[in-house]
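Remarks on the structure that follows.
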Amino acid sequence: MRVVPTWAVATAAAAPVLLVTGWTVAGARQPSGYDPVRDTISELAGPDAADRWIMTGALVLFGSCYLAIAAVLHAAGLPSRFLLAVGGVATIALVAFPRPSVGGSLGHGTVATVAVLALALWPAGTALWLPRGPVVGHLARPEPPWAFRRAVGLSATGLLLGLVGWFALEVNVGSRTGLAERITALAVALWPLLAVLSARRAQLAASAGVG
């Protein structure tokens, strides 16, 4: 198993902190009419937002965290690392396609959809990439870290897609769009941290066994 560097753990831990800090600080800078339960994160990075650089900076750093993690999380396999990287790039691209103050934006909607779907699907990519069956020839396969086991990966993606569905429902017919988006974004942000910690724990256990 390839080494998961310590900086990758720190980066994965920083990502959700950056996201929550960004929307909290940026939200506090908005006029009194902004409601985090009703209004979206994208509005904090919109062209008419007060101090929009706070949220745009948080999005750039957040997406960069996942690009860095995708580069070194070898336990996830290439399909999942690719999806994680796509999610990171799309998150950064949101800065270039801000949500307009009035009406919709095809560019913003497309980039946001790519970001959230890539970050929701990447656990399942890991699960489907892993080889099936307990043995190869006469050699038992080592069990993957728990976050990369098929049942865990598929369950994680199922949960994340359920949250994405709730957010989509709120966008169309609900009044808690901001709340749904924040809960979904936080869940999406926490899974890479759990995956990195899982890989790191397996690596340390393997090193202890060899020693």
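Structural remarks
- Scanning the range 77-113 for residues that are of a type in the set (S, T, N, Q) and assigned to a loop (DSSP other than H, G, I, E, B) yields a total of 2.
Residue-by-condition table, conditions (1) of a type in the set (Gly, Ala, Ser); (2) crowded, with 20+ Cβ neighbours inside 10 Å; (3) more than 17 Å from Leu194 (Cβ to Cβ):
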site: Thr11; (1), (2), (3): no, yes, no
site: Val20; (1), (2), (3): no, no, no
site: Asp39; (1), (2), (3): no, no, yes
site: Ala45; (1), (2), (3): yes, yes, yes
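- Filter result for Ala185 (under 19 Å from Leu44 (Cβ atoms), in contact (Cβ under 8 Å) with a residue 24 or more places away in the chain, part of a helix (DSSP H, G or I) and not hydroxyl-bearing (Ser, Thr, Tyr)): yes
- Residue pairs meeting the criteria (Cβ under 6 Å; at least 6 apart or on separate chains; first under 10 Å from Val196 (Cα atoms) and touching a residue at least 60 places away in the same chain (Cβ under 8 Å), in the range 71-86; second surrounded by 23 or more Cβ atoms within 10 Å (Cβ to Cβ) and of a type in the set (Phe, Trp, Tyr)): Ala75/Phe148
- Here Glu43 meets each of (1) in a helix (DSSP H, G or I); (2) out of contact with any helix residue (DSSP H, G or I) (no Cβ under 8 Å at 6 or more places or on another chain); (3) over 21 Å from Thr21 (Cβ atoms) with one exception, condition (3).
- Among the residues of the range 126-143, at least one is at pLDDT below 90 and within 17 Å of the chain's Cα centre (by Cα).
- The range 73-94, subset surrounded by fewer than 21 Cβ atoms within 10 Å (Cβ to Cβ) and modelled with pLDDT under 95, residue nearest to Trp7 (Cα to Cα): His74
The values are calculated or read from the model by the stated rules, or taken from the named source; none is laboratory data. The model shown is predicted, which means the values in this text are computed figures rather than measured ones. As a convention, Cβ positions derive from the backbone with ideal geometry for all residues, glycine included, and neighbour counts pool all protein chains shown.
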